[in-house]
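Notes follow once the structure below has been shown.
We did not get these values from a lab; they are worked out from the coordinates using the rules stated. This one's a predicted model, so the numbers in the text were calculated from it and none came from an experiment. A quick note on method: Cβ atoms are made from the backbone with ideal geometry, for glycine too, and the neighbour counts reach across all protein chains shown.
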């Protein structure tokens, strides 16, 4: 199955796809474009909100605003006014920036960092709670990426890209604690594609966007088996999220930053937002807040 372009975005580094089931809109970010985008597939309209700094991911908030992980800290964005309010900033190294992140079923925001000079193990996975407290959950991360929670809220799945794995953790929804890390999916070193963004479907299976792989793959976290493949006509496939009225459409972000002139010619659709209908639905995104 091949995904088709639904938004001619030409983003430098499209990322952070998440569907807001309340507004029926897709939130996504252009990290290097310093912008949050709100895309309405029903009308085809895509609204852009400047963030003033690199933005790693966005999640909807229960109060109607958007929580953004910027290189200058975690901010709350008022979509009506465009006003940004700083809530927390643990980043002291200018070479560190936030990357991917999502909210857990209890409304806490999990987001990790990435060293822009590719320094190994310089990143951290944080948990930002609705009460404003910030917690270090994992250290020694290299490129913090996809994160998802099982349907029974007892397992957290997590990707640190260079490990070429999806790890599972025992997850306590009441406290937000994690324990007992183990590998549930391994990606071959000799194949194109590095695990990047991730989402979960209504059958508890994981969908992983493959950076440099021009694809999104579906895996069984119980066995590690590859179940389904969606090809994308853009090599830098970065994140994915189920959306649409019945959560049956998989939206996929891509990037074109770092392309050679030859690659720009070879992949003219790179940087666009794509979609596919894979035959299974997703689950509603979790909002930030109690």
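Picking from 283, 277, which residue would you name as being touching a strand residue (DSSP E or B) at 6+ places or on another chain (Cβ under 7 Å), within 30 Å of residue 61 (Cβ to Cβ), surrounded by fewer than 21 Cβ atoms within 10 Å (Cβ to Cβ) and without any contact (Cβ under 8 Å) to a residue 60 or more places away in the chain?
Working: 283 fails: without any contact (Cβ under 8 Å) to a residue 60 or more places away in the chain.
Criteria check complete, one pass: 277.
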> Given the residues 190, 170, 196, which is the only one that is in a strand (DSSP E or B) and either without any contact (Cβ under 8 Å) to a residue 12 or more places away in the chain or within 18 Å of the chain's Cα centre (by Cα) (or both)?
Replying inline: 196
> In region 50-149, which strands (runs of 3 or more DSSP E) lie fully inside it and hold 1 or more residues that are loosely packed, with under 14 Cβ neighbours inside 10 Å?
Replying inline: 84-88, 134-141
